[in-house]
Amino acid sequence: MLLKVVSVVGARPNFMKIAALCNAIMEFNKSGPRQVIHHILVHTGQHYDFNMSGSFFDDLDLPTPDIFLEVGSASHSEQTARILERFDGVLHKENPDLVIVVGDVNSTMACALVTKKTWCVTACASGKDHKYIPALAHIEAGLRSFDRTMPEEVNRVVTDCLSDYLFTTEESANRNLLHEGISENKIHFVGNVMIDTLLQYQRKAQQSTILTDLKLLDHSGVSPYAVLTLHRPSNVDDSTRFSRVVNTLVEVSSHVPVIFPAHPRTLKEIQRSEMRHFFSDHTNREASGASGRITLIPSLGYLDFVRLISEAKVVLTDSGGVQEETSILGVPCLTLRDTTERPVTVESGTK
Ligand code: UD1
């Protein structure tokens, strides 16, 4: 029997999660006498810059998406609406048995919603049409920051309450789902696919030249540095909050160079702001003196980023995924948020 599976990616944090799944499906199909899973990869196009999307497909050996929806950037509602409309067409054409969504971005929630509102049709052996709603699986289910002003929190809650299979990464997620009344037999505590990918690509990342490119490595070894990532609307969209965070980080950079691969939205925010003189780019880091200035670089591909954080003295971040990665790599991490949906990174991680 052939199982038809549609999986969805849209934004940067989805790609490393789906990589482990693509590999597992390929291995599974190779292990039997014939292909049993027909896998269709859909990219919504929520992220579209090479640095935010294409470079991850290259680094992670991901297959080219079978379907590309090209939704691009817009307000959350408009972006979600575009995905709803375009993914509806995909389901009616493909009639899958199962849809798999990962993480908590707008593409995750939008495709989950469409899945549970769509009647697919296949022909039975009797010649009659069989009408059904595809099953929905959510990978990285149950995480909760309990802050509904975070767009991701809304995406998580909606996706989880619609899903038939909820795959969880930490104990807190199991508790949250049970507390919300989700039946225990839908919850599967399987671990973290993003970490599976990290462990798989850790050695390949050693070959990245990013430390030499940023003049952080010479014949005497790696010089100490910190890595910063910052892109959450709660940190960068509010200018008072952003200015407070930047002032603190400038203080840090007078003790140790702070390397900041910036998300395009943060980069735009900095270039527009009064605070741009607190930042230098890596080409003039030495000329201007690392001390007291944050070194701004464009967002990095997967292997370069893994190499950069692996050798850092400390990572300062508002990204949930980076909190998890540093915990596994044993690199100290300071979480620049008031809440986290991944409490295990604070209780057992490298806080
Ligand atoms: C999204 C996710 C967030 C995730 C982050 C990782 C949601 C609600 N948020 O936030 O959970 O941590 O991705 O990066 O889904 N832009 C570009 N090029 C791109 C993509 C975006 O320049 O390839 C700019 C555009 O100006 C866009 C802005 O970034 O308006 C925001 O992009 P968007 O996808 O809406 O959300 P992110 O902040 O990236």
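Laboratory data are not the source of any read-out in this text; all were calculated from the coordinates shown. Note that the structure is a prediction, hence the values are computed from the model and not measured. Cβ: placed from backbone, ideal geometry, glycine included. Neighbour counts: every protein chain shown.
Summary table
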{"quantity": "Ranked packing of 213-220, 337-344, 147-154, most packed first, by mean Cβ within 10 Å", "calculated": "337-344, 147-154, 213-220"}
{"quantity": "Euclidean distance between Cα centres, segment 222-276 to segment 326-351, Å", "calculated": "19"}
{"quantity": "Residues 302, 225, 165, 132, sorted so that the one with the fewest Cβ neighbours within 10 Å comes first", "calculated": "132, 165, 225, 302"}
{"quantity": "Cα centroid separation - segment 1-43 against segment 122-163, whole Å", "calculated": "17"}
{"quantity": "Unit charges on C-beta of K, R, D, E only; dipole of the chain, Debye", "calculated": "220"}
{"quantity": "By average C-beta atoms within 10 angstrom, highest first, the peptides 97-103, 232-238", "calculated": "97-103, 232-238"}
{"quantity": "Highest to lowest packing among 314-325, 120-131, 172-183, scored as the average C-beta count within 10 Å", "calculated": "314-325, 172-183, 120-131"}
{"quantity": "Antiparallel content of DSSP bridges confined to segment 59-193, in %, to 5", "calculated": "25"}
{"quantity": "Cα-only radius of gyration and Dmax that characterise the chain, units Å", "calculated": "21.3, 77"}
{"quantity": "3J(HN,Hα) from dihedral phi, segment 89-98, Karplus parametrisation 6.51/-1.76/1.60, rounded to Hz, x for glycine, proline", "calculated": "x, 4, 5, 5, 7, 8, 6, x, 7, 9"}
{"quantity": "Cα gyration tensor, segment 11-158 - rounded (a/c under 1.5), prolate or oblate", "calculated": "oblate"}
{"quantity": "Cα centroid of segment 167-198 to Cα centroid of segment 68-117, whole Å", "calculated": "22"}
{"quantity": "Rg to Rh, two decimals, where segment 185-301 supplies the alpha carbon set and Rh follows Kirkwood", "calculated": "1.06"}
{"quantity": "The chain: relative contact order in percent, alpha carbon pairs under 8 Å with at least 6 residues between", "calculated": "14"}
